[in-house]
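What follows is one structure encoded as structure tokens, with my remarks underneath.
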Amino acid sequence: MRLTPDILAVLACPLCGGSLTADPRETAVDGHVMEGDLACACGRRYAIRGGVPRLSPDVQIEAVEQTVHAFGYQWHRVDKALKDTRFNAPEVFLDFIRPVQPEWFRGKVVLDAGCGTGRFTLCAAAFGAALAVGLDLSTAVDVAFANTRHLPNVVIIQGDLLRLPVAPVIDYAFSVGVLHHTADPRGAFLQMASKVVPGGSVSAWVYAREHNGWIIYGLNPVRHVTSRLPRPLLLAASYALAAPLMLVVKAIYGPVSRTPALAWMRHGLFYFEYMAFLSQFNYPTLAYIVFDHAVPVIAEYIKRNDFAEWFRAAGLERAVITMRGGNSWRGFGEIPDLNSQIPDPNA
């Protein structure tokens, strides 16, 4: 991390919310503090290690710890395999956060809540964010730091969504594919929204309970087994399962999705929207998507009404909630700007 005023202003003690001061011990030639400490007036100290502020709690419940370790393993291996592929494409990101467009990021302090390798943090920075904050609880932050270290408008933090080590200075916060893997998806969403300034906005994408009964009742019991398999074995199995999946999506779903004359087939094909989405990816990407579904201990599926209630509970207005891919929910809402609602006495 760089010790600039705008970056220090974003960081906060995850337990008391206080501001942090830095005690650097090793600084790289590019200006990043690689080793040091961050101190809070409450007496707590947090390490800066490998260029990343480590602001996460030391203790997690077992299911959370296993899920975090699983995704840490995944993202360390997925980065090289999927770098510069469509998996990281800006248009894929924008599909997750629709109706938000690139210009929405310009000049804003943006939080990527659950950044993984930083693929969408990079998009936020490229779209013109004044500062893109990538946060993750897993060791994927080390990969994200390496991927974004050259950018002056990015900081990567290791922290917990349920105890966000972020001051309430965020203009736009988004979380793609992460909230449903936390111990408390609603609580994590409310934490994220609580860090957004009046007039700011929030986006989230989560698994839907609707249209996913075959996963919830059929595949989830299997996931309770696969999530406990040795990770290298599960990864090898994911590559094996991805082979027939690729054959099906490339030979059937891709052509049907792109050919108007075959549109009549779409309603009869199983899980059409999502499988058509998968048809755009290469073989390694499909293997890691299979792995991503098989490895976590925690994976919640959210009803639309419950998802909409999150936005109401956070006080978000003008909420837009749409189904994506026929199997997930994406939502966007805005924090009321109280100043804009005060009548002008001179009007």
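Can you give the convex hull volume of the alpha carbon atoms of the range 32-180 per residue, in Å³?
116
Using the beta-carbon distance between Tyr239 and Leu338 and R0 = 51 Å, what value does 1/(1 + (r/R0)^6) give for FRET efficiency, to the nearest 0.05?
0.45
State the volume of the convex hull built on the alpha-carbon positions of the chain, expressed per residue in Å³ and rounded to an integer.
Given the Cα convex hull of the chain, per-residue volume reads 158 Å³.
Let's test the formula: R0 of 45 Å, r as the Cβ-Cβ distance of Arg223 and Asp23. What FRET efficiency results, to the nearest 0.05?
Working from the Cβ atoms, E equals 0.55.
Could you work out the percent of alpha carbon pairs in the range 57-144 separated by over 21 Å, rounded to a whole number?
When every Cα pair of the range 57-144 is considered, 35 percent fall beyond 21 Å.
Kirkwood Rh, the range 229-294, all Cα pairs: how many Å?
Taking every pair of different Cα atoms in the range 229-294, averaging 1/r and inverting gives 12.4 Å.
Tell me the relative contact order for the range 112-151 as a rounded percent, counting alpha carbon contacts under 8 Å between residues six or more apart.
Relative contact order of the range 112-151: 50 percent.
Extending each Cα 7 Å along its Cβ direction at Ala319 and Glu91, get the distance between those two points in nm, one decimal.
Placing both labels 7 Å along Cα→Cβ, they lie 3.1 nm apart.
Residues of the range 126-144 with amide nitrogen under 12 Å from the 7 Å Cα-to-Cβ point of Arg49?
It comes to 139, 142, nothing else.
Please find, in a Gaussian network model of the chain (springs between Cα atoms separated by less than 10 Å), the residue of His211, His32, His181 whose mean-square fluctuation is greatest.
Top of the fluctuation ranking is His211.
Could you compute the net charge surrounding Leu3? Neighbours are other residues with a C-beta less than 14 Å from the C-beta of Leu3; K and R count +1, D and E count -1.
-4
Note down the relative contact order for the chain as a percent, whole number, built from C-alpha pairs under 8 angstrom at least six residues apart.
Computed over the chain, the figure is 18 percent.
For the pair Ala261 and Ala183, what calculated FRET efficiency results from E = 1/(1 + (r/R0)^6), where r is the Cβ-Cβ distance and R0 = 35 Å, to the nearest 0.05?
After rounding to 0.05, the efficiency reads 0.15.
Compute the Cα gyration tensor for the range 1-66, then decide on rounded, prolate or oblate, letting a ≥ b ≥ c be the square roots of its eigenvalues: rounded whenever a/c is under 1.5, prolate when a/b is larger than b/c in the other cases, and oblate in all that remain.
Verdict is oblate for the range 1-66.
What aspartates and glutamates could a cross-link reach from Lys303, if we take a straight Cα to Cα line under 13 Å and drop same-chain neighbours fewer than 8 places away?
Hits, sequence-local ones excluded: Glu210.
How far is it, in nm, from the label point at Ala9 to the one at Glu65 when both lie 7 Å from their Cα along the line to the Cβ?
Going from the Ala9 label point to the Glu65 one covers 3.9 nm.
Loop-only check: which trypsin sites (Lys or Arg not before Pro) in the range 211-310 are DSSP coil with at most 11 other Cβ within 10 angstrom?
The qualifying sites: there are none.
Can you return the lysines within cross-link range of Lys80? Criterion is Cα-Cα under 16 Å, with same-chain partners fewer than 8 residues away left out.
Once the sequence-local lysines are set aside, nothing remains near Lys80.
Rule-based calculations on the coordinates, nothing more; no lab input. The model shown is predicted, which means the values in this text are computed figures rather than measured ones. Here Cβ is always computed from backbone atoms with ideal geometry, including for glycine, and neighbour counts include all displayed protein chains.
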